[in-house]
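Note sheet for the following structure.
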Amino acid sequence: MKSNINIYYSLDALEKYLLQNKFSKVFILTDTNTRKHCYPLLSTILSKPILITIKAGEESKNMQSAEKIWEVLNQNHADKNSLLINLGGGMITDLGGFAASIYKRGISFIHLPTTVMSMCDAAIGGKTAINFDSIKNNIGTINLPKATFVHFDFLKTLPNRELKNGLAEIIKHCILQQKIKWLITILDEKELSDMDWKTLILQSIKYKSKIVSEDLNEVGNRKLLNFGHTIGHAIESYFQSQKTKKLLHGEAIAVGMWIEIIISNLCLQYSAIKANELFDIIEFYFGYKKLDAKTKNALIPLLQHDKKNKFDLINFTLLQKDGTPKYDCLISSSVIIHAINFY
């Protein structure tokens, strides 16, 4: 049975939605950045919402932040007819969706994604989560928002690093669809500020929405979307635990895709020519992230916690010889270590 993915592309649609649905109370979850730069754009639409603001950054996607949301909901007597609006990037949509899914066994929530990453990926699909015990998305639910409202003007508030962050997921979607030539034509080695973000994001939304609507609970083709994320999540989790400069999600996924392309070549005979073409794209926009011995040694234990694993083997989505993706590829630690060293 198909699931309904409700996506709208204007703030006028949000205003109409709020008028049509008589919510008892409206709460808005922001981070410190979206509170300053994005919330003012909603001032004519929302009438006296209750604001909940947490510190920006992936390190805030934790149980303490979820508890803060629940405390504010409780203090303001939120009931089953309340609405939580998640205004932000992937961290906010993941965290807010999780908090709303759990509170009073579930209250309504909607997403207003403000980044490339959240528009093309995180806000589409109903996955909610917090990080726990230094493991990415360790605790969460699958629960679709009532609606997602994509307003492209929010992108004007983003620095280049955040634009590039979302590009990783767009590249992933194009790899999975074998639309690399289309992607190269659109990108054309343009500067981030000159890209046709609307075209790129709409293509990703179309692809992901179709897959999710047909396989909400990830028992089949939705597993394809995990490409780059098995290694990528382990790398992201490792750097989140360090005091040095953190990696954004897309930066970690770029490394994850690179290494998983190598594993695809080793295990499924994915074309070396196609692999090098993808490496060039990833390196052009993301550069090369050197992994020292300490990092490499930490990755296998983190990978062993991945929720997709089976039979003590680490579960990947990889690329086959003809370029089509294949999910449920069980790979041994020795092959992974070899691929990481090759990278």
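Cα centroids of segment 285-313 and segment 224-279: 9 Å apart.
Let me have the relative contact order for segment 1-104, percent, based on Cα pairs under 8 Å that are six or more residues apart. Worked out over segment 1-104, it gives 35 percent.
Would you mind checking the pairs LYS245/LYS290; LYS172/LYS289; LYS16/LYS61; LYS136/LYS172; LYS223/LYS289; LYS243/LYS294 and listing those with alpha carbons more than 22 angstrom apart? Display every interim value, and only then the final one.
Numbers: LYS245/LYS290 14 Å; LYS172/LYS289 18 Å; LYS16/LYS61 31 Å; LYS136/LYS172 19 Å; LYS223/LYS289 26 Å; LYS243/LYS294 14 Å.
Check vs 22 Å cut-off fails for LYS16/LYS61; LYS223/LYS289.
What distance in nm separates the two pseudo spin-label positions at LYS245 and GLN75, each 7 Å out from Cα along the beta-carbon direction? With each label placed 7 Å out from Cα toward Cβ, I get 3.6 nm.
What's the FRET efficiency of HIS338 with ILE180 using the Cβ-Cβ distance as r and R₀ = 22 Å, to the nearest 0.05? Working shown, then result.
Details: r = 25 Å, r/R0 = 1.16.
E(calc), rounded to 0.05, equals 0.30.
In the elastic network of the chain, a GNM with C-alpha springs shorter than 10 Å, the most mobile of ALA275, ALA123, ALA66 is ALA275. Loop sites here are GluC sites (Glu not before Pro) outside DSSP states H, G, I, E and B with no more than 14 other Cβ atoms within 10 Å. The longest part of the chain free of them is 1-188.
Ignoring ligands, DNA and RNA, what accessible area per residue does segment 84-231 give at 1.4 Å, in Å²?
Values: 5160 Å² over 148 residues.
Solvent-accessible surface per residue comes out at 35 Å².
The label point for ASP312 and the one for THR157, both projected 7 Å from the Cα toward the Cβ, are 5.0 nm apart. Near the amide H of TYR9, within less than 5 Å, lie the amide hydrogens of VAL150, all on another chain or at least 5 residues away, with H placed in the peptide plane.
Annotation for segment 222-260: trypsin sites (Lys or Arg not before Pro) lying in DSSP loop with at most 10 further Cβ atoms inside 10 Å of their Cβ are LYS243, LYS245. For segment 254-343, the solvent-accessible area works out to 51 Å² per residue, with a probe of 1.4 Å and every protein chain left in place.
Looking at the chain, the DSSP beta bridges with both ends there are about 40 percent antiparallel. In this structure, LYS104 and THR295 have a Cβ-Cβ separation that, at R0 = 35 Å, corresponds to a calculated FRET efficiency of about 0.25.
Can you work out the accessible area per residue across segment 1-66, with the rest of the protein chains kept in place, probe 1.4 Å, in square angstrom? Working shown, then result.
Numbers: 3930 Å² over 66 residues.
With the other protein chains kept in place, segment 1-66 gives 60 Å² per residue.
Using a cutoff of 8 angstrom between alpha carbon atoms and counting only pairs six or more residues apart, the relative contact order for the chain works out to 15 percent. Each part reduced to its alpha carbon centroid, segment 1-44 and segment 174-214 end up 25 Å apart. The trypsin sites (Lys or Arg not before Pro) of segment 290-343 that meet both conditions, a loop assignment by DSSP and at most 14 other Cβ atoms within 10 Å of the site Cβ, are LYS290, LYS307, LYS321. Measuring nothing but protein heavy atoms, the accessible surface of the chain at 1.4 Å probe radius is 51 percent carbon and sulfur.
Listed by chain and number, the lysines whose C-alpha is less than 16 Å from the C-alpha of LYS190, apart from same-chain residues fewer than 8 away, are LYS164, LYS181, LYS198.
Test of the criteria: in segment 96-200, which trypsin sites (Lys or Arg not before Pro) are in a DSSP loop and have at most 16 other Cβ atoms within 10 angstrom of their Cβ? Mind showing how you got there, number by number?
On the way: sites: LYS104, ARG105, LYS127, LYS136, LYS146, LYS156, ARG161, LYS164, LYS172, LYS179, LYS181, LYS190, LYS198; in loops: LYS146, LYS179, LYS190.
Here the sparse-neighbourhood loop sites are LYS146, LYS179, LYS190.
The values are calculated or read from the model by the stated rules, or taken from the named source; none is laboratory data. Bear in mind the structure is a predicted one, so any value in this text is a computation, not a measurement. Methodologically, a virtual Cβ is constructed for each residue, glycine included, from the backbone with ideal geometry; neighbour enumeration extends over all protein chains shown. Areas reflect the complete protein model, heavy atoms only, side chains present, ligands, DNA and RNA absent. Shrake-Rupley method; radii C 1.70, N 1.55, O 1.52, S 1.80 Å.
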